[in-house]
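Everything below concerns the one structure shown next.
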């Protein structure tokens, strides 16, 4: 059977202490904090981060990309193809978008395993990301967080083998969004979890374990998707798991509930702590209740270093006000932007805008961006090759600009010399304004630049290497 | 064919610059155009060709914007667009046409009507690539020179402030200036920050305005007035919109200024600019822009712009009077009008008619106009009253 070849995760840099929400409204506050996407992030950009953390910018051989989210930036228009294009995955890959349900993340993992097992794809990169909006003052507002995960499913060099898959579903109306609405609606959360969610996920796990022919003692870790902290504990109780060490932390304390991305983020955390031979049970929930059993192989020790969930969690900056959180969530009217774009131009420039290809002059060896027919250095005409730019470099010059409309001025405009060649003009993000200095090491991240011409315009920015 | 040096300016006109909410494009072109014709002593029907510098499409399209205002129907009129150099390029093309002897009497104009657009700063939406250039503003594009210049030469924010203090001192007495007040070093230093080191008082304002010049050959000019001025040197250069991507660009000098000045000085036979140029209208959209420009024009050594400014070497009674009009900073900067407005000022100075701001014994004056987000294009025109 197929297995997991690599995994990655992403948590946005900004966090908000729940007590700031509680203080703003004068209501009881939960402990801990939630991860808050920056105003230039959405579920696509966060998925890109998680995928890059997973495949380390090496897309060669990746045969597919499945994207799961209940908060995709387009209601119609694939996010998977955009992410695949940014990652420079071959256009012959299979792509699909999963959504509409909290269960979509694990469903996408199951789909990927099936595609690999059937031979339809040599490997599939599964990514789930959420950038959610909650109704202010509700419990959801303190519960939900933003984040992403990615898992590369393949047959060769797996670090965890998929030993079994069990699928089921339950039709109960818990949470939903109507077309054109960004905020979720709900029936009765307490009724829903007690009568639908908990019985369905516990039942699925019990049936799966029976089907897989394993006992409770065989399982090292259980990844339980849950909409909130209390439900997570109740599922573990319903399953009769006595040892809390066997229950994978659901990330509510420092990330928040990340909907369909949650089980894959938890899986990334579980794999990071796993040893060869460990059995990990992953259970998704919400409409679709799929269960996947994994067994960790010796290859887990060979994993190349990367930021991973722990790295992203460790690097953070807390927002100092609830108002800044609301602004990031587009709950406060922003200064109108007058940006314009062109779908046709963005199509023509897709190779330079998305995977960031420049040119290398064959006459003088200069690497340059944006790609042009005439070399800006030696002026040779039409003697160049496409050249993928490296995503790291050194800050050569910058200015903090207060004039460009921004939810949080200043906008740091930079000139960066990329490792491996090429000088590029990019905005800087996720930084402390006072810490920016010429010569600092920076890395490129994929972000929303603006929403001109009524679509999302993405490009690269830089952030300090952390 | 006549020589470019046989081309003469015999009349100039300009509106008051500023937030001219009460005037439209047509009003301003008419006021500037008729003032220039009256100054030259000619009638509209004598004009054989016209040029009009406009940058923004919302100000106007085509040469008809000018013929609509002056009712100079049925003659060739060309719209020039070259960023902030749009007006000076209108003047250049008018001079070339006269030098070619295709026409004897032409008008060069410039106009911009920005305040109808509301908003803040200059509109830069649609400049360049939708995402690659996003966020770049005029002050940030020029302000990017500061960190590099400061690192290399020790230029300070206080050096920049001296530019604003000087230009406001000059412009305060100029009846057509956008602002008619002086500013102190402290006011400039403490003004709210717009971009990097540039505070509000380091930035030229958003202005409306228009200017016009009547151009003919020197042999014809004599029939109209004795104090006409002639072209002594002219140089233009375009570099790139993508300087921030150019590894060969160091942000220590505005490359088009250097190149345009080289050409203009060569034509004028000027080898020692600070001692051969009496005054210069020099592009000071932002204070840092002027610091680099005075170096690039050879008025001081590279890197000395800041200290030389602080020493008063570019005051109205300094070695070279830089921006006796008040410059873009104080006089205002309606983009397409500015280049022609510089010709207006230099002409007045060389005619001894710059009331209250006259550079004494002015014989050679320069109009230096730089445009684009950062130094993309530049024009240098050197005029003289020496016959």
- Principal axes first, then extents: for the Cα atoms of the protein assembly as shown, list largest minus smallest coordinate on each axis, whole Å, largest first. 110, 61, 52
- So for the protein assembly as shown: antiparallel DSSP bridges make up what percent, rounded to the nearest 5? 75 percent
- Item | Label-point separation, residue A:364 to residue A:377 (7 Å along Cα→Cβ), nm | 0.7 nm
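With r defined as the distance between the Cβ atoms of residue A:441 and residue A:253 and R0 fixed at 30 Å, what FRET efficiency is calculated, to the nearest 0.05? Provide the component values of the computation, followed by the final result.
Values: r = 31 Å, r/R0 = 1.02.
Using R0 = 30 Å, I get an efficiency of 0.45.
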- Task: Could you tell me which of rounded, prolate or oblate describes the stretch A:310-384, using a ≥ b ≥ c as the square roots of the eigenvalues of the alpha-carbon gyration tensor, with rounded for a/c under 1.5 and, failing that, prolate when a/b is larger than b/c and oblate otherwise?
- Result: prolate
- Note on the structure: Expressed as a percent, the portion of alpha-carbon pairs in the stretch A:52-124 spaced more than 17 Å apart is 43 percent
- Note on the structure: Mean other chain Cβ within 10 Å across A:231-242 is 0
- Counting DSSP beta bridges with both ends in the stretch B:258-387, the antiparallel % (nearest 5): 55 percent
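Taking each residue in B:240-248, count the Cβ atoms of any other chain within 10 Å of its Cβ, then average. What number comes out?
For peptide B:240-248, the averaged partner shielding equals 6.
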- Item | Three-way shape label, the stretch A:66-205, alpha-carbon gyration tensor, a/c 1.5 | oblate
- In vacuo Debye sum over C-alpha of the stretch A:352-458, base-10 log of normalised intensity I(q)/I(0) at q = 0.14, 0.19, 0.20, 0.23 Å⁻¹, listed in q order, is -0.64, -1.01, -1.07, -1.22
- Run through the DSSP bridge list for chain A and note the antiparallel percent, rounded to the nearest 5. 75 percent
- Message: For a Förster distance of 30 Å, can you work out the FRET efficiency between the beta-carbons of residue B:248 and residue B:125, rounded to the nearest 0.05?
- Response: 0.55
- Using the per-residue mean of other Cβ atoms lying within 10 Å as a proxy for protection, in what order, highest first, do the peptides B:353-363, A:249-259 fall? A:249-259, B:353-363
- Message: Please compute, for peptide B:139-151, the average count of beta-carbon atoms on other protein chains lying within 10 Å of each residue's beta-carbon.
- Response: 4
- Message: Let me test this: with uniform point scatterers at the alpha carbons of chain B, what is the Debye-based log₁₀ I(q)/I(0) at q = 0.07, 0.09, 0.11, 0.12 1/Å?
- Response: -0.26, -0.44, -0.68, -0.81
- Computed over all unlike Cα pairs, the Kirkwood hydrodynamic radius of the stretch A:2-133 in Å stands at 15.7 Å
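Hey, any idea what Rg/Rh is for the stretch A:422-466, computing Rh the Kirkwood way over Cα pairs?
Details: Rg = 12.1 Å, Rh = 11.7 Å.
Expressed as Rg/Rh, it is 1.03.
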- Item | Residue order, fewest to most beta carbons within 10 Å, for A:183, A:264, B:297 | A:183, B:297, A:264
- Spin-label zone in the stretch A:339-353 - amide nitrogen under 12 Å from a point set 7 Å from the Cα of residue A:453 along the C-beta vector: A:339-350
- Extend 7 Å from the Cα of residue B:3 along its Cα-to-C-beta direction; within the stretch B:236-274, residues with backbone N under 12 Å of that point are B:267-269
- Message: Suppose each label sits 7 Å from its Cα in the direction of the beta carbon; what would the residue A:334-residue B:302 distance come out to in nanometres?
- Response: 4.1 nm
- Query: Pick from B:217, B:148, B:92: which residue has the top mean-square fluctuation in a GNM of chain B where Cα pairs under 10 Å get a spring?
  - Reply: B:148
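Give the calculated FRET efficiency between residue B:360 and residue B:102 to the nearest 0.05, with a Förster radius of 41 Å applied to their Cβ-Cβ distance.
0.60
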- Note on the structure: For the stretch A:3-328 the translational diffusion coefficient, Stokes-Einstein from a Kirkwood Rh over Cα pairs at 20 °C and viscosity 1.002 mPa s, in µm²/s, is roughly 110 µm²/s
- Item | Acute angle (nearest 10 degrees) that the helix A:262-272 long axis makes with the longest principal axis of chain A, alpha-carbon atoms | 90 degrees
- Message: If I build a Gaussian network model for chain B, linking alpha-carbon pairs within less than 10 angstrom, which residue out of B:364, B:340, B:111 has the largest mean-square fluctuation?
- Response: B:364
- Task: On a 0 to 90° scale, report how tilted helix B:25-40 is relative to the longest principal axis of chain B, with both axes built from alpha carbons and the result rounded to the nearest 10.
- Result: 60 degrees
- Ordering of A:163-169, A:443-449 by burial proxy (mean other Cβ atoms within 10 Å per residue, highest first): A:443-449, A:163-169
- Task: Sort A:364, B:95, A:260 so that the residue with the fewest other Cβ atoms within 10 Å of its own Cβ comes first and the one with the most comes last.
- Result: A:364, B:95, A:260
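What is the order of B:114, B:316, B:335, fewest Cβ neighbours within 10 Å to most?
Ordered by Cβ neighbours within 10 Å, fewest first: B:316, B:114, B:335.
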- Please give, to one decimal in nm, the separation of the simple spin-label points placed at residue A:243 and residue A:211, each 7 Å out from Cα toward the Cβ. 2.6 nm
- So what is log10(I(q)/I(0)) for the stretch B:14-166 at q = 0.13, 0.15, 0.16, 0.19 1/Å, when the Debye sum runs over its Cα atoms only? -0.75, -0.90, -0.97, -1.15
- Expressed in angstrom and rounded, the centroid-to-centroid distance over alpha carbons for the stretch A:273-288 and the stretch A:71-96 is 26 Å
- Item | Degrees between helix B:255-268 axis and first principal axis of chain B (Cα, 0 to 90, nearest 10) | 40 degrees
- Task: Return, ordered by residue number, the residues of the stretch A:256-284 whose backbone nitrogen is under 20 Å from a label point located 7 Å along Cα→Cβ of residue A:230.
- Result: A:256-259
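No lab work stands behind these numbers, since they all come straight from the coordinates. The model shown is predicted, which means the values in this text are computed figures rather than measured ones. Virtual Cβ from ideal backbone geometry, glycine too; neighbours counted across all protein chains shown.
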